[in-house]
1. Any residue at all in the stretch 42-57 that is within 16 Å of Leu188 (Cβ to Cβ) and surrounded by 15 or more Cβ atoms within 10 Å (Cβ to Cβ)?
2. If only one of Ala36, Ala73 is in contact with a helix residue (DSSP H, G or I) (Cβ under 6 Å, 6 or more places away or on another chain) and more than 30 Å from Ser139 (Cβ to Cβ), which one is it?
3. Pull out all pairs, ordered by first then second residue, where Cβ-Cβ is under 7 Å, the residues are six or more apart or on different chains, the first lies in the stretch 23-39 and is touching a residue at least 60 places away in the same chain (Cβ under 8 Å) and surrounded by 16 or more Cβ atoms within 10 Å (Cβ to Cβ), and the second is in a loop (DSSP other than H, G, I, E, B) and not basic (Lys, Arg).
4. Take the conditions in a helix (DSSP H, G or I), out of contact with any Phe, Trp or Tyr (no Cβ under 8 Å at 6 or more places or on another chain) and buried (at least 18 other Cβ atoms within 10 Å of the Cβ) and apply them to Met113. Does it pass?
5. For the stretch 120-142: of the residues being surrounded by fewer than 19 Cβ atoms within 10 Å (Cβ to Cβ) and among the hydrophobic types (A, V, I, L, M, F, W, C), which is farthest from Leu2 (Cα to Cα)?
6. It is to be established whether one or more residues within the stretch 87-100 are outside any loop (DSSP other than H, G, I, E, B) and modelled with pLDDT under 95.
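The values are calculated or read from the model by the stated rules, or taken from the named source; none is laboratory data. Everything numeric here is computed off the predicted structure, so don't read it as measured data. Cβ placement follows ideal geometry from the backbone for every residue including glycine, while neighbour counts extend to all protein chains displayed.
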Amino acid sequence: MLKIKVYNLEGKETGEVELPEEIFGMKVKDDLIHQAYVAHISNSRKVLADTKDRGEVRGGGKKPWKQKGTGRARHGSTRSPIWKGGGVTFGPTIERNYSKKINKKMKTKALYMVLSSKVRDKELIILDDPKLNKVSTKSMSSAFGKLPINGKVLLSLNKKDNCIFKSVKNIPNISMIASDSLNVADLLKNKFLVINKEGIKKIEETYKKI
């Protein structure tokens, strides 16, 4: 079993907690982590750009002028892409699909590997039941300043705490996520993972089933 120090919001050590090696002690494989990261980013991508082709634009039902005798080029419709206000040729549409498939076991293993690398690099901080009596950005900012961290932080709790959430949402470089919603992309975007002890149990309950 891996052991790691536990801190309170005052930055003081309150003990140690044991981490399951099958989750936090895995050998890291960069290729699998990269595959899981790309799949997550691709599956989160929203298709916004959407152009209309000549069959979707308005107007153009009538032939602009007769076929012969005008001295002008032949045209059948003003919906043609060469006309102003006509359709777009080969433009982007919402039918594009950027999703990538990755099976659940690979996705979970990649998550375990990133968590293991956090432990190895001393970038995992465990909190001992953090609580606030009222919303206070100043208190949370002071608390994080006392912890052994120096970079972007992902704060993860086993359940939503509105008091803590509202206290940290305006602090730069700190974001929050539920322990049962952890993913490779968010972990890699943030240098440190700060999680409460119950959050460790939530990870075991959520991901060991997969």
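1. Of the stretch 42-57, the ones within 16 Å of Leu188 (Cβ to Cβ) are 42-44.
Then drop every residue that is not surrounded by 15 or more Cβ atoms within 10 Å (Cβ to Cβ), which leaves none.
No, the stretch 42-57 has no match at all.
2. Details: Ala73 fails: in contact with a helix residue (DSSP H, G or I) (Cβ under 6 Å, 6 or more places away or on another chain).
Among Ala36, Ala73, only Ala36 is in contact with a helix residue (DSSP H, G or I) (Cβ under 6 Å, 6 or more places away or on another chain) and more than 30 Å from Ser139 (Cβ to Cβ).
3. As it stands, the answer is Gln35/Ile102; Ala36/Ile102; Ala39/Ile102, since those pairs meet every condition given.
4. Working: in a helix (DSSP H, G or I): yes; out of contact with any Phe, Trp or Tyr (no Cβ under 8 Å at 6 or more places or on another chain): yes; buried (at least 18 other Cβ atoms within 10 Å of the Cβ): yes.
Taking the combined requirement at face value, the residue satisfies it.
5. Across the stretch 120-142, the extreme among qualifying residues is Val135.
6. First pass over the stretch 87-100, keeping only residues outside any loop (DSSP other than H, G, I, E, B): none.
No, the stretch 87-100 contains no residue that is outside any loop (DSSP other than H, G, I, E, B) and modelled with pLDDT under 95.
Table: residues versus (1) touching a Leu at 6+ places or on another chain (Cβ under 7 Å); (2) hydrophobic (A, V, I, L, M, F, W, C); (3) assigned by TED's automatic domain parsing to the domain that holds Glu198; (4) part of a helix (DSSP H, G or I).
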{"site": "Thr14", "(1), (2), (3), (4)": "no, no, yes, no"}
{"site": "Val17", "(1), (2), (3), (4)": "no, yes, yes, no"}
{"site": "Met26", "(1), (2), (3), (4)": "no, yes, yes, no"}
{"site": "Asp31", "(1), (2), (3), (4)": "no, no, yes, yes"}
{"site": "Tyr37", "(1), (2), (3), (4)": "yes, no, yes, yes"}
